[in-house]
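The values are calculated or read from the model by the stated rules, or taken from the named source; none is laboratory data. Predicted, not measured: the structure shown is a model, and the values here were computed from it. Methodologically, a virtual Cβ is constructed for each residue, glycine included, from the backbone with ideal geometry; neighbour enumeration extends over all protein chains shown.
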């Protein structure tokens, strides 16, 4: 359904005043561009839940926005259902947005505090000219019921909802145009554990009911293991490993994936402590981005970035030591 080919995305540095301010805060010189995603290729199959995992700053959210066309890559191609997004004109891209929808990480900031939830959920329908006023209101009521909210709340403002309810509103808005691909950015973050379970079950139910294809962006590996069919692990703007969920813990993974799994597997007595910090996107290290923290690194890791190589069916790894 979705194919990313050698996609890169970098952001221009701030103004000179902004650089000086950032330098004072971080106590180091700020220059160059922010390299968020670097030459990444990935495929999403129809009907699949792809879990995109990585630490904060690894480029997950940027990649999600590239997938749905909110960001245009500096290099590479994004192909959805056989069509290159960059080749589409404005009207074609607008029609395509009916099929790809994005569920933002923070519903409190993505919902306009000045409009009622009914207007927020029907906004996409208005933009695309779908239905009259009565039909749109009926669909909004149905959407609210579908995500577990009472239609009686349709005229409330976002601040009158709890965090979990706002998350449901954000999901309802993403589903309002009946997309075939839903990209959910940290859908269970910043809410109580009991509410997280409800949101997860709701997403799985809606996937089965609507036949959705999903990309689940999260730093929570256990959550991704619970939901995803395929797992892609990012670090420093690059993919480290892509593998089916059934292989987790069953093969010799990338050292970074092994560290993530060891920290998440509470039954394991073997813990892996990673020293140092994630790579600076303004000045990424040469070679493999993980080599400064890797416990298995060899000389070649510091000079040559490993290619993503197939290790089995739907299993790919970017590591000089995994062949």
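Overview of values
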item	result
Residue 187 in contact with a strand residue (DSSP E or B) (Cβ under 8 Å, 6 or more places away or on another chain), under 28 Å from residue 69 (Cα atoms) and surrounded by fewer than 20 Cβ atoms within 10 Å (Cβ to Cβ)	no
Tabulated pairs, region 309-320, first on the phi > 0 side of the Ramachandran plot and crowded, with 19+ Cβ neighbours inside 10 Å, second modelled with pLDDT of 90 or more and outside any strand (DSSP E or B), C-beta under 9 angstrom, 6+ apart or interchain	none
Region 243-256, subset out of contact with any helix residue (DSSP H, G or I) (no Cβ under 7 Å at 6 or more places or on another chain) and surrounded by fewer than 23 Cβ atoms within 10 Å (Cβ to Cβ), residue nearest to residue 50 (Cα to Cα)	244
Condition broken by residue 109, with the remaining ones in (1) buried (at least 17 other Cβ atoms within 10 Å of the Cβ); (2) more than 28 Å from residue 1 (Cα to Cα) satisfied	(1)
Residue count, region 282-303 (criterion: surrounded by fewer than 13 Cβ atoms within 10 Å (Cβ to Cβ) and either without any contact (Cβ under 8 Å) to a residue 24 or more places away in the chain or touching a helix residue (DSSP H, G or I) at 6+ places or on another chain (Cβ under 6 Å) (or both))	4
Residue among 188, 197, 184 that alone is within 22 Å of residue 106 (Cα to Cα) and part of a loop (DSSP other than H, G, I, E, B)	188
Filtered residue count, region 154-173, keeping only those that are surrounded by fewer than 16 Cβ atoms within 10 Å (Cβ to Cβ) and part of a helix (DSSP H, G or I)	3
Residue ID - modelled with the lowest pLDDT, chosen from residues in region 260-279 that are farther than 22 Å from residue 40 by Cα and surrounded by 13 or more Cβ atoms within 10 Å (Cβ to Cβ)	265
Flag if residue 279 is closer than 23 Å to residue 61 by Cα, touching a residue at least 24 places away in the same chain (Cβ under 8 Å) and either out of contact with any helix residue (DSSP H, G or I) (no Cβ under 7 Å at 6 or more places or on another chain) or not in a loop (DSSP other than H, G, I, E, B) (or both)	yes
Per-region count, region 141-153, residues within 20 Å of residue 204 (Cα to Cα), free of Cβ contacts under 8 Å to residues at least 24 places away in the same chain and in a helix (DSSP H, G or I)	2
